[in-house]
Structure formats: structure tokens, C-alpha cells
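Derivation of every value follows stated rules applied to the coordinates shown; laboratory data play no part. All values derive from a computational prediction rather than experimental measurement.
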Amino acid sequence: MTAEDHDLLKGFKKEAAASGRDNTKKSEVIRAALQQFATLSLTARLAAIHAVAAVKIGRPKHKK
């Protein structure tokens, strides 16, 4: 995931905390998103997938 994706997750967790649901885990946000994604039509899911840029797999190399 990109840094922007992580920022979105942090924002969603803050929104959940502001609504009274403290200690929401990233996995809970992702699971909720998957459940909502599953309700979309196949066309909408494919459009969303195609709209996301591919990222390289693996961890970034550490600078020495």
C-alpha cells in the first residue's frame, strides 16, 4: 500500500474514534471496505480496480 493509502486508513480510524468507536483497527476498516466493495456491481468493482495505480511489491530499501 502507498503512503496515501495509509493516510486514508488513519483518517478513517480517526473518524471512527470521533464517533465513539475507540481503538478501531486497520484490519476492521479494511474488512468494512471489502464488505462494501462486495455490494458493488461487477462493472463498478472493475472500474475501481482499474482506477488504482499498481505499486511495486516488497518493502522499500533502507538508505544507509
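In this entry, the chain is assigned a mean projected area of 6.1 nm², taken as a quarter of its C-alpha convex hull surface.
When each full DSSP H helix of the chain is screened for a Cα extent of at least 20 Å along its own axis and an average Kyte-Doolittle hydropathy of at least -1.0, the helices passing are 3-18.
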